[in-house]
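One structure is given below, encoded as structure tokens.
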Amino acid sequence: FHCGLPIPAHANFPVKLNGDTAATCCPGCQAVAQTIVDSGLGEYYRHRQNTAGKAEPLPDELLQQLKLYDNEEIQHSFVLNETTEIREAALILEGITCSACVWLNERHLSSLKGVLSADINYTSHRARVRWDNTQIKLSQILEAITGIGYRAHPFDAARQEALAQQERKTALLRIYLAGLSMMQVMMYAIPLYLADSGDMSRDMEGLMRWASLILTLPVVLYSSIPFYQGSWRDLKAGRAGMDVPVALGVITAFAASSWATLTQTGEVYFDSVSMFVFLLLGGRYLEMLARRKAGSAVEKLVKLIPSFAHRLP
């Protein structure tokens, strides 16, 4: 119900929602889901586009470390003191996957006594939180975010760049794998396309088909994972997005080609599968770079806004 993972045998961690009971896989997910529901934010589960990450309870040591953020010297680098009591901090949130996650965190933080405002940027996953330090501490705000299954920490440009670099590396690896497969499979497909009837023995044709099948497997099993995840997310939300036809096309073409290879009849489309995935992943990668560039431009504009202003008499 919460994270989308299979429920182990004999697991009994129910969550009550609108008179119904939903099953979760572990005590962590149960606690997070029940916290969200009890806070009056159960609508999150209706509108989310991705399942949440598996909720692991924080160890006591980490909870104690969160209290260190209440130290005035530590806050000096990332907290703006509007007055002695009113403060504002820039935080980076981990686990944000859709607009429903932004809605959930903003509503949950705004409901806390002492929190004056909470605004989250979906593109950069940055949050600006204003609070009254006499009513609530920063460590309590961070614990509240952890309580609904997300992780928050003071905005660190180096850490954000590390997360972005990891996302780029994963995307590039999928693209490289699809591109390499596309080139190799095309080497076997061109002779099959150009050869006239009788020019190639049946054994050689079968060998090329099997080689193409093996080379296309990594594309179907690894490079295409983003399309499968997007399709599952859309179908669970009761709608069909762009990922649904892509996933159906990849699976259908690969299954039909595999059957043709096994029965040695019909045509194969392994080259089309790998090329299709490669081009789509390449387009998404360029889109991601453009989005990051636009987000960076917005951040630069925000930095131009002065922190203080003097009113002249």
Cβ-Cβ under 7 Å pairs, at least 6 apart or on other chains, segment 106-128 side farther than 22 Å from G42 by Cβ and open to solvent by 60 Å² or more (accessible area, probe 1.4 Å), far side assigned to a helix (DSSP H, G or I) and among the basic types (K, R):
T123/R291
Identify, please: which residue in segment 84-101 is open to solvent by 10 Å² or more (accessible area, probe 1.4 Å), under 13 Å from the mean Cα position of the chain (by Cα) and not small (G, A, S) and is, among those, nearest to P154 (Cα to Cα)?
E94
Which residue, of R174, R159, is charged (D, E, K, R), modelled with pLDDT under 80, assigned to a helix (DSSP H, G or I) and over 23 Å from W259 (Cα atoms)?
R159
Given (1) at pLDDT below 85; (2) open to solvent by less than 20 Å² (accessible area, probe 1.4 Å), where does S181 come up short, assuming only one miss?
(1)
Listing of helices (runs of 4 or more DSSP H) fully contained in segment 60-140 that carry 1 or more residues being closer than 21 Å to L163 by Cβ and of a type outside the set (V, I, T):
60-66, 99-110
Give me the pairs: first residue in segment 69-82 and closer than 14 Å to A152 by Cβ, second residue in a helix (DSSP H, G or I), beta-carbon distance under 6 Å, and six or more apart or on different chains, which are they?
Y69/L138; Y69/S139
Residue selected from segment 27-40 under the condition among the hydrophobic types (A, V, I, L, M, F, W, C) and open to solvent by less than 20 Å² (accessible area, probe 1.4 Å), by the criterion nearest to P8 (Cα to Cα):
C29
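The values are calculated or read from the model by the stated rules, or taken from the named source; none is laboratory data. Values in this document were obtained by computation on a predicted structure and should not be read as measured data. Every residue, glycine as well, gets a Cβ built from its backbone with ideal geometry; the counts of neighbours run over all protein chains shown. We work out accessible area using only protein heavy atoms, side chains counted, and drop any ligands, DNA or RNA first. Shrake-Rupley method; radii C 1.70, N 1.55, O 1.52, S 1.80 Å.
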